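The values are calculated or read from the model by the stated rules, or taken from the named source; none is laboratory data. Quick caveat: nothing in here was measured; it's all calculated off a predicted structure. In this analysis, Cβ positions are derived from the backbone assuming ideal geometry, glycine residues included, and neighbour counts consider all displayed protein chains.
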Amino acid sequence: MNEIKRAMKLSLIFGLISAVIVPLMYECYANISRGAALAVIAVWASFMGFKLSALTLRSAMLAASAVLAYTLGFGLVAFVIIHPAAISVLESNSKYFYLTFSDSLMFVISAFFAMLLIYAVCIVIKAARYAFAHIKSNGERVEAYIDNAFKDGDSQ
């Protein structure tokens, strides 16, 4: 049960941070650089996947799903706060570039797929750890077989 509590704690923390990062990156996507905005989201999702990979696979997948849910829910609230503030700041200093509906939809889809990196990174790290442990145990078994083979040859 302790593992689930830790997973939920991490997912809440990561979800709240993601809820602020995603609307900020929307403004960056609209006015500064599309690639940089999506790269920041991808790097953040990779970091979350790396941190969640320390949990069991079940807990990590549960936490990743909760992060996506928290990001969506709290992200809408953060967007309502951040978007008008970004418009006023940018219009007072320069021009604010509004996205069309299709561009906004493209950002949301791209951000969603970038956030799916949480799952991918978790699964890849878990698979790599399993493979290394399996290779190490196979190496130890081969070493034991070799040692036993030489012991059998010495007794004759």
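Please work out which residue is nearest to Leu24 (Cα to Cα), limiting yourself to region 57-91 and to residues that are surrounded by 14 or more Cβ atoms within 10 Å (Cβ to Cβ) and among the β-branched types (Val, Ile, Thr).
Ile82
If Tyr98 satisfies all but one of (1) exposed (fewer than 12 other Cβ atoms within 10 Å of the Cβ); (2) touching a residue at least 12 places away in the same chain (Cβ under 8 Å); (3) under 29 Å from Lys51 (Cα atoms), what's the number of the condition it fails?
Result: Tyr98 fails condition (3) only.
Only one of Phe74, Phe97 is within 21 Å of Ile109 (Cα to Cα), part of a loop (DSSP other than H, G, I, E, B) and not hydroxyl-bearing (Ser, Thr, Tyr); which?
Values: Phe74 fails: part of a loop (DSSP other than H, G, I, E, B).
Unique residue meeting the criteria: Phe97.
Would you confirm, using the coordinates I've provided, whether Ala19 is touching a residue at least 40 places away in the same chain (Cβ under 8 Å), surrounded by 20 or more Cβ atoms within 10 Å (Cβ to Cβ) and touching a Ser or Thr at 6+ places or on another chain (Cβ under 8 Å)?
Answer is yes for this residue.
Taking Met8 as the residue in question, decide whether it is modelled with pLDDT of 90 or more, hydrophobic (A, V, I, L, M, F, W, C), buried (at least 16 other Cβ atoms within 10 Å of the Cβ) and farther than 19 Å from Val108 by Cβ.
When the stated conditions are applied, Met8 does not pass them.
I'd like the residue in region 1-35 that is assigned to a helix (DSSP H, G or I) and of a type in the set (Ser, Thr, Tyr) and, out of all such residues, is nearest to Ala54 (Cα to Cα).
Applying the filter and picking the extreme gives Ser11.
Just need a number here: residues in region 102-156 that are part of a loop (DSSP other than H, G, I, E, B) and either aromatic (Phe, Trp, Tyr) or in contact (Cβ under 8 Å) with a residue 24 or more places away in the chain (or both).
Within region 102-156, residues that are part of a loop (DSSP other than H, G, I, E, B) and either aromatic (Phe, Trp, Tyr) or in contact (Cβ under 8 Å) with a residue 24 or more places away in the chain (or both) number 1.
Can you tell which of Leu52, Leu24, Leu38 is under 10 Å from the mean Cα position of the chain (by Cα) and at pLDDT below 95? Outline the logic, then answer.
On the way: Leu24 fails: under 10 Å from the mean Cα position of the chain (by Cα); Leu38 fails: under 10 Å from the mean Cα position of the chain (by Cα).
Result: Leu52 is the single residue among Leu52, Leu24, Leu38 that is under 10 Å from the mean Cα position of the chain (by Cα) and at pLDDT below 95.
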